[in-house]
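Below is one structure, written out as structure tokens, with a few remarks after it.
The values are calculated or read from the model by the stated rules, or taken from the named source; none is laboratory data. These numbers were taken from a predicted model, which means no experiment stands behind them. Please note: Cβ atoms are built from the backbone with ideal geometry, for glycine as well, and neighbour counts cover all protein chains shown. Surface areas here come from the heavy atoms of the whole protein model, side chains and all, with no ligands, DNA or RNA. Shrake-Rupley method; radii C 1.70, N 1.55, O 1.52, S 1.80 Å.
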Amino acid sequence: MTLKLFPLIAAIALSSCGAHRQASAETDAVQDTTPAQSLIALLDSVAGCGQFYFGHHDDTAYGHDWHYIDGKSDVKDVTGEYPGLMSWDLGMIEVDSSKNLDGVPFAFMADQIARQQARGGINAISWHPLNPSTGGGSWDVSKAPLRELTTNKALSDTLDVWIGRAADFIASLKDAQGNPIPVIFRPWHENSGSWFWWGAAHATPEQYIDLWKRTRRIFDEKGINNVVWAYSPDKDLTREQYLATYPGDDYVDILGTDIYHFGGAEGVEEYTARIKAQLPMVAEEARKRGKVMAFTETGSEGLPMSDWYMNVLMPAIKDLPVAYVCVWRNAREQDKKGHFYVPYPGHPDEADFKAFHDSGKAIFVK
Ligand code: BMA
């Protein structure tokens, strides 16, 4: 759905820069507004006010040196607030596992999503499903299931069941009053690269777009109305390349991009250039189509710089209409060494991240 179709909602949402939850509550009161439409209006209003939600993956599940401590968050420990957006991943839900690929129990995730919604934040969900042709992980590209879907009925049926399980989890997300919680769903991400089985070298653009249509059909047949759909290819794309696998305006609400910073101080120029080369183009496409734009994944692994947030990320995005910027997870040091994207207490980037929080541009929640 585009905001063009809902001028009343957009007008209400835009009327209150700096009071986004209020705007959201008001939009919910508008008759016939689905949870997804309310979230789209909220995202649009934030970008229109020159702000963005700051997002962090698995924020309250674990951090640099802890896991599963009620209410704990590395972001909160440094800034005093939770990230405005929390990101979660459904990998392994497709095989009915009780925990995702990083060990996060789905029951815990559902509860955290409700708590984040209750504190005025929002949630985004990605999905790293297994390869249905091999049973290996998302990164197992030894077989290309998307090339076989039209000729292999068993494979096609398996994929439908898997998508159905993801849909059922998302449909089950409810607040304390039993209302569906709107979430951003960002399936089949980074498809312009070839590291996932749904990536560029493993499917034609048509086969990739068909995967989106299949996904939407399964969600729509279940009557799910709490999903805001995000498309998020990777870096170094021309407009033509970005649009070659775009599923279409009827299937997508958020035009996203994933770009990471590699190489610390020496990599700043390359990272900044990549953002400049792609995000303004995506912003233009989003505006033309009446869509929201977001920086769906980014970060500098291990934060080798002590001023990454204010001197690298902020200048690169501050003039772009991004509704949210999401950095990846703070893995526990003992699980995956040096794999973190926000500073924890005592890290040299702490003061800089606090300044980012205090800037008034990035949205955090209490
Ligand atoms: C990757 C890494 C992996 C993780 C995956 C899904 O970028 O963080 O360790 O399993 O995302 O969360």
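Observations on the structure shown:
- Here the gap between residue 287 and residue 269, fully extended at 0.36 nm per residue and compared with their Cα-Cα distance, gives a gain of 3.8 nm.
- Violating pairs (Cα-Cα greater than 26 angstrom) within the set 213/276; 99/174; 143/213: 213/276
- Heavy-atom accessible area per residue - segment 138-257, 1.4 Å, Å²: 40
- Cα gyration tensor shape for segment 90-212, rounded if a/c is under 1.5, else prolate or oblate: prolate
- For residue 324, nonlocal amide neighbours, meaning residues 5 or more places apart or on other chains whose placed amide H falls under 5 Å from its own, are 53, 295.
- Overall form of the chain per C-alpha gyration tensor (a/c, 1.5; a/b vs b/c): rounded
- The gain in end-to-end length when the residue 179 to residue 238 segment is fully stretched comes to 17.2 nm, 0.36 nm per residue minus the alpha carbon separation.
- The portion of the accessible surface of the chain made up by carbon and sulfur, rounded to a whole percent, is 52 (1.4 Å probe; DNA, RNA and ligands excluded).
- Heavy atoms of residue 300: accessible area, 1.4 Å probe, square angstrom to 10: 0
- Long-range HN-HN contacts of residue 125 with modeled amide H, under 5 Å: 88, 184, 185, 186
- Diffusion constant of segment 310-366 at 4 °C, which comes from Stokes-Einstein with the Kirkwood Cα-pair radius and 1.567 mPa s, µm²/s: 101
- Ranking 49, 326 by solvent-accessible area of protein heavy atoms (1.4 Å probe, all protein chains present), from largest to smallest, gives 49, 326.
- For the chain, share of DSSP beta bridges that run antiparallel, in % to the nearest 5: 15
- Whether segment 138-280 is rounded, prolate or oblate, judged on the alpha carbon gyration tensor where a/c under 1.5 counts as rounded: oblate
- In this structure, residue 206 and residue 351 have a Cβ-Cβ separation that, at R0 = 35 Å, corresponds to a calculated FRET efficiency of about 0.10.
- Between 345, 61, 156, the Cα set farthest toward the positive side of the dipole of the chain (charges on each charged residue's Cβ, about the Cα centre) is that of 156.
- Using the empirical formula 2.2 N^0.38 Å as the baseline, the Cα radius of gyration of segment 218-310 reaches a ratio of 1.26.
- If you take the Cα centroid of segment 319-366 and the Cα centroid of segment 239-310, the two points sit 17 Å apart.
- Solvent-accessible surface (1.4 angstrom probe) belonging to residue 70, in square angstrom, nearest 10: 120
- Under 13 Å from the residue 160 label point (7 Å along Cα→beta-carbon), backbone N, segment 179-217: 214-215, 217
- Remark: C-alpha extents of segment 49-120 on the principal axes read 41, 30, 18 Å, sorted largest to smallest.
- Counted charge near residue 344, where neighbours are those whose Cβ lies closer than 13 Å (Asp, Glu -1; Lys, Arg +1): -2
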